[in-house]
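Shown next, in structure tokens, is the structure this report addresses.
The values are calculated or read from the model by the stated rules, or taken from the named source; none is laboratory data. Because the structure is predicted, anything quoted here is derived from the model rather than measured. Here the Cβ positions follow ideal geometry from the backbone for every residue, glycine too, while neighbour counts run over all protein chains shown.
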Amino acid sequence: MQPMLHFSEVYEKTRKTISKKRWHKTQANGREINWQHVLKTDCTMQLLLSAKKLDHAHEQALAKLRNKLNDEVIFSRINLGALIASVNDAAKARQRMPSPYAFNLSRAGALKMLYHLYFVRKRGAQGVWVYSPPVSNQSWVYAALKSDPTRMIDKLNQRDEYFTLEQRDIIGSASELAMQWCNNALATGGIYKDVTVANWFLGNDQRVKKAAKRNIMQKVNIGLQKMINLLNSNTLIFSYHPKFGNTTALPAGVAGFVYPYEKMDVLYIKNDFEAHDGKPAEWHCAKTIIHEVSHRVLKTKDHSYGWQGLKPSNTGISAKQAIDNADTWAYFVTDISFNLTDTQRARYLVPKHR
Ligand SMILES: [Zn+2]
């Protein structure tokens, strides 16, 4: 089997494990837990985990399961790891020829995965999903359990979540901010818009033909609408990725990434959004979100980052690259929604320095 690469694959395995496997009863210090009942009847987890997406109409399933597990930790007087591992042992006991260690860790993996998955509410039914597994697990949950089954309970017990509660809130507010900025960008008309579009997408690249200039406004509007559609949905997932723990896997300065063709709408963003440069953490996070959403829905590339210079010109990136460049979209949206200072514009709107 290929190692898992994406959140979507972890999700799919969890979904199948919840809906298709039999869940056996367990005992801990005299308390019986009927997992089939807990998952299917109390939490209706199978309704949350639909084939195509996490169904926000059933988002409360996650908090219900988390509360149930936390309660059982208290009432059964065992740790979270042992509690989750017990579903695995119960399944193993039913097997005619049990292997020495977990022959099948999927049930434990599924509970552990769902324990660290959150719905972060923006307003009304609007919200985003945040997957915040323990950093110390270092790989996707199923791989982490499989790699060293002797430490299974240990790994299941870890709670050093990648995103803190405060950071999950920042992600929620920043998603809303990103959507507002894109909406403002789309609504802004007149000369100001022409100038800003020209600044970021045409610059002084002499190679741009007149027809391309006329086209650019249309392309920008279509792109903004596509980004708004995703930001305004309930399908956006922010996830930790094991690459974040590996300093050689990601170039320095990269705040996140996406797999543009991944099945679900997942943005992998780092948790190091902090207030700096006179802007709050939400501002930086919102800019990262727009950058990543452009990768996701417009299939943009990274021709140049803000700190390298974004102005289209004969020496820097071309106008053709600008419309296809994630950071250009991020700074353009920030600028046109009046969220970029003159100093910042002057710093980033320069030809790429080689
Ligand atoms: Zn990028």
**OP:** Quick one: Ser86 ticks every box in (1) polar (S, T, N, Q); (2) modelled with pLDDT of 90 or more; (3) under 30 Å from Phe238 (Cβ atoms) except a single one, so which number is it?
**Re:** (3)
Subject >> Among (1) over 18 Å from Glu161 (Cα atoms); (2) more than 10 Å from the chain's Cα centre (by Cα), the one test that Phe244 misses >> reply: (1)
Original post:
What are the residues in segment 224-260 that are more than 15 Å from the ligand (Cβ to nearest atom), farther than 21 Å from Ser337 by Cβ and assigned to a loop (DSSP other than H, G, I, E, B), if any?
Top reply: Asn234, Thr235, Tyr240, Asn246, Thr247, Thr248
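In this structure, does Leu177 turn out to be under 27 Å from the mean Cα position of the chain (by Cα), assigned to a helix (DSSP H, G or I), among the hydrophobic types (A, V, I, L, M, F, W, C) and surrounded by fewer than 21 Cβ atoms within 10 Å (Cβ to Cβ)?
Details: under 27 Å from the mean Cα position of the chain (by Cα): yes; assigned to a helix (DSSP H, G or I): yes; among the hydrophobic types (A, V, I, L, M, F, W, C): yes; surrounded by fewer than 21 Cβ atoms within 10 Å (Cβ to Cβ): no.
It is false that Leu177 is under 27 Å from the mean Cα position of the chain (by Cα), assigned to a helix (DSSP H, G or I), among the hydrophobic types (A, V, I, L, M, F, W, C) and surrounded by fewer than 21 Cβ atoms within 10 Å (Cβ to Cβ).
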**OP:** Specify the residue that is modelled with the lowest pLDDT; the eligible residues are those in segment 261-284 that are more than 16 Å from the ligand (Cβ to nearest atom) and part of a strand (DSSP E or B).
**Re:** His276
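Gly256 - would you say it is surrounded by 18 or more Cβ atoms within 10 Å (Cβ to Cβ), in contact with a Lys or Arg (Cβ under 8 Å, 6 or more places away or on another chain) and modelled with pLDDT of 85 or more? Explain how you work it out, then say what you get.
Working: surrounded by 18 or more Cβ atoms within 10 Å (Cβ to Cβ): yes; in contact with a Lys or Arg (Cβ under 8 Å, 6 or more places away or on another chain): yes; modelled with pLDDT of 85 or more: yes.
In short, yes.
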Subject >> Of the criteria (1) of a type in the set (D, E, K, R); (2) in contact (Cβ under 8 Å) with a residue 24 or more places away in the chain; (3) within 21 Å of Arg159 (Cβ to Cβ); (4) surrounded by 14 or more Cβ atoms within 10 Å (Cβ to Cβ), which one Arg77 fails >> reply: (4)
**OP:** Could you grab the pairs with beta carbons closer than 7 Å, sequence gap of 6+ or different chains, first residue in segment 40-56 and over 16 Å from Met113 (Cβ atoms), second one part of a strand (DSSP E or B)?
**Re:** His56/Phe119; His56/Gly127
**OP:** Mind listing whichever residues of segment 115-172 are part of a helix (DSSP H, G or I) and among the polar types (S, T, N, Q)?
**Re:** Ser136, Asn137, Ser147, Thr150, Asn157, Gln167
Original post:
Scanning for something out of contact with any Cys (no Cβ under 7 Å at 6 or more places or on another chain), of a type in the set (Phe, Trp, Tyr), at negative phi and within 12 Å of the ligand (Cβ to nearest atom), does segment 316-330 turn up at least one residue?
Top reply: yes
Subject >> Top-ranked residue in segment 331-353 [being of a type in the set (Phe, Trp, Tyr) and surrounded by 18 or more Cβ atoms within 10 Å (Cβ to Cβ); ranked as nearest to the ligand (Cβ to nearest atom)] >> reply: Tyr331
Original post:
Any idea which residue in segment 134-155 is nearest to Thr14 (Cα to Cα), counting only those that are touching a residue at least 60 places away in the same chain (Cβ under 8 Å) and of a type in the set (Val, Ile, Thr)?
Top reply: Val141
Subject >> Given (1) out of contact with any helix residue (DSSP H, G or I) (no Cβ under 7 Å at 6 or more places or on another chain); (2) under 19 Å from Lys213 (Cα atoms); (3) not in a loop (DSSP other than H, G, I, E, B), number of the condition Thr328 does not satisfy >> reply: (1)
Original post:
Which one is farthest from Ala85 (Cα to Cα) among residues in segment 156-193 that are touching a residue at least 60 places away in the same chain (Cβ under 8 Å) and touching a strand residue (DSSP E or B) at 6+ places or on another chain (Cβ under 8 Å)?
Top reply: Ser175
**OP:** Could you please find all residues in segment 285-312 being assigned to a loop (DSSP other than H, G, I, E, B) and either within 11 Å of the ligand (Cβ to nearest atom) or closer than 30 Å to Glu9 by Cβ (or both)?
**Re:** Lys299, Thr300, Asp302, His303, Ser304, Tyr305
Original post:
Counting only residues that are of a type in the set (Lys, Arg) and surrounded by 15 or more Cβ atoms within 10 Å (Cβ to Cβ), how many does segment 128-167 have?
Top reply: 2
